[in-house]
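Here is the structure we will look at, set down as structure tokens.
The values are calculated or read from the model by the stated rules, or taken from the named source; none is laboratory data. These numbers were taken from a predicted model, which means no experiment stands behind them. When we count neighbours, we look across all protein chains shown, and the Cβ atoms used for this are built from the backbone with ideal geometry, even at glycine.
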Amino acid sequence: MKKPKVIVKQCEDYDVKKIESIIQKSVKDLAIQLKDTVFIKPNVVTANKKYIFNSYTHPAVIEAMVNVLRNNNSNNITIGESGGYGIPSCLFLKEAGYFDLAQKLHVPVIDLNEHPVVRVKLTKAKWHKEIDLSTYIAQANFKIWMPKLKYHIFASITNALKLNIGILTHKERMLYHDYRIHEKIVDLLEAGYPDLIVCDAVDITYGFESAPYPVRLGALIISNDPLAADVVAAYIMNYRPQDVLHLRLAAERGYGSCNIRDIAISGDVDIEKLRKKPKGQSRLFQVLQDLDTPLKFYSGYAPNTDIICDGGCEAAVKGCLGTIEKRRPGSLKKAKKGAIVTGIYKGDVVIHDGSVLLVGDCTKVEGKLVAKRVLRIKGCPIGARNLFIPVPLLFGLPSPMFDVRDAFLFIINSIQKAFNIVIYRWVLKR
């Protein structure tokens with residue numbers, strides 16, 4: 001079998017012309033024929049001009065890609081994203097500078113939640129048997145996935161495969177977003193299989209991926225094989241690719257190999273030297289028990305399984321705390337004593353002088369539960385945004401929900417989103 005190709009090129013900064021040159025040469029080396037109806041999917045899961053600067057694909061990388069397309073006579077280009085759950089994606093796109101980029105390049109940048117969808121059946125899927133897929137993606141004859149390479153709180157890494165969570169509308173985003181999340185990611189690869197991957201690894205990030213901390217890696221990873229691109233990315237980030245669950249599951253479903261020896265890697269970077277740059281950064285917020293805080297954490301199993309529900313309520317807890325800490329550094333260290341339990345915990349939880357929070361419908365303690373106060377937040381699965389008020393109030397933390405600027409922007413963009421949906425539906429009916 002012919003080995004899939006992955007190109008790793010040195011790129012120390014976000015210089016548009018340099019990135020453009022790298023992409024153009026890599027497209028030629030991969031023998032890719034660019035086409036005219038192009039959909040570009042970046043990673044803009046969150047952004048905030050005050051404290052979240054590195055969670056998204058840098059606009060310079062997108063600009064360089066658009067320039068390459070136009071230089072090759074591809075002019076029908078759309079950039080689209082469905083960002084973090086429950087918040088209008090247009091807000092994140094604005095905060096990340098994508099609407100400014102749209103004006104500069106005269107390319108539409110859209111929130112996938114505002115536009116028409118088609119129902120698509122997935123024949124290889126285990127859980128998502130069908131999904132609502134944006135017509136912009138369904139009708140594109142060339143798809144470019146442009147992820148931001150990050151460590152991830154439960155998936156180890158987020159790159160080309162994990163990027164597909166953002167092809168889902170918010171209506172379906174949280175389906176199977178629990179202990180089944182790793183299989184869900186692979187399900188979506190069938191609908192979201194890109195023709196080209198250009199990964200922003202100039203700055204990679206660690207911590208909670210939606211409010212992360214940067215590390216200058218100084219590279220671009222380019223391929224036309226998403227699994228191969230992710231295997232190389234995982235290796236650079238010091239994982240055994242076979243240990244990254246969604247990569248192993250993708251290989252088992254026939255999408256390729258998790259063995260790095262089965263991939264033809266080229267470029268101008270020494271991979272072994274590159275691996276040294278992010279070494280030791282992976283565990284922040286991946287393992288709650290490692291956090292420097294008086295809070296204690298008890299992770300339980302999903303019902304009727306022996307699987308920790310890492311992609312559901314536990315992920316929401318990590319996301320909530322990760323955002324709070326990024327917004328107000330040092331907050332977790334000053335928290336009140338207490339404990340947070342997720343899933344069915346088979347042991348004792350004893351907090352004599354603090355509160356215990358049970359997160360999720362199924363969460364329970366099968367051993368002794370002793371605390372000054374016990375509270376439950378319902379949901380299955382629960383999103384991080386649902387914890388931004390109760391968790392801070394219970395444990396003495398500053399809530400992002402009480403930021404006046406962000407609250408105002410949320411309201412304004414929610415109104416704008418609703419207005420856009422009405423207008424687009426009216427235009428379709430005419």
message: From the list Ile144, Ile165, exactly one residue is within 18 Å of Val202 (Cβ to Cβ), assigned by TED's automatic domain parsing to the domain that holds Ala60 and out of contact with any helix residue (DSSP H, G or I) (no Cβ under 6 Å at 6 or more places or on another chain). Which is it?
response: Ile144
task: Can you confirm whether segment 70-80 contains a residue that is hydrophobic (A, V, I, L, M, F, W, C), in contact (Cβ under 8 Å) with a residue 12 or more places away in the chain and out of contact with any strand residue (DSSP E or B) (no Cβ under 6 Å at 6 or more places or on another chain)?
output: no
- request: Could you check, for segment 312-333, whether at least one of its residues is surrounded by 18 or more Cβ atoms within 10 Å (Cβ to Cβ), assigned to a loop (DSSP other than H, G, I, E, B) and modelled with pLDDT under 95?
  value: yes
query: From the list Gln289, Gln281, which one is free of Cβ contacts under 8 Å to residues at least 60 places away in the same chain and either under 30 Å from Lys378 (Cα atoms) or outside the structural domain of Ile19 (by TED's automatic domain parsing) (or both)?
result: Gln289
From the options His152, His182, residue that is touching a His at 6+ places or on another chain (Cβ under 7 Å) and either within 24 Å of Lys5 (Cβ to Cβ) or in the same structural domain as His58 (by TED's automatic domain parsing) (or both): His182
message: For the structure I just gave you, tell me whether Val6 is farther than 24 Å from His115 by Cβ and in contact with a strand residue (DSSP E or B) (Cβ under 8 Å, 6 or more places away or on another chain).
response: yes
All positions within segment 164-209 that are in a loop (DSSP other than H, G, I, E, B), surrounded by fewer than 23 Cβ atoms within 10 Å (Cβ to Cβ) and acidic (Asp, Glu): Glu190, Asp195
- prompt: Can you spot a residue in segment 226-234 that is of a type in the set (A, V, I, L, M) and either under 27 Å from Ile382 (Cα atoms) or not assigned by TED's automatic domain parsing to the domain that holds Val16 (or both)?
  reply: no
message: Looking only at segment 368-395, how many residues end up being in contact with a Ser or Thr (Cβ under 9 Å, 6 or more places away or on another chain), assigned to a loop (DSSP other than H, G, I, E, B) and not aliphatic (A, V, I, L, M)?
response: 1
task: Might you let me know whether segment 63-86 holds any residue that is assigned by TED's automatic domain parsing to the domain that holds Leu149 and at positive phi?
output: yes
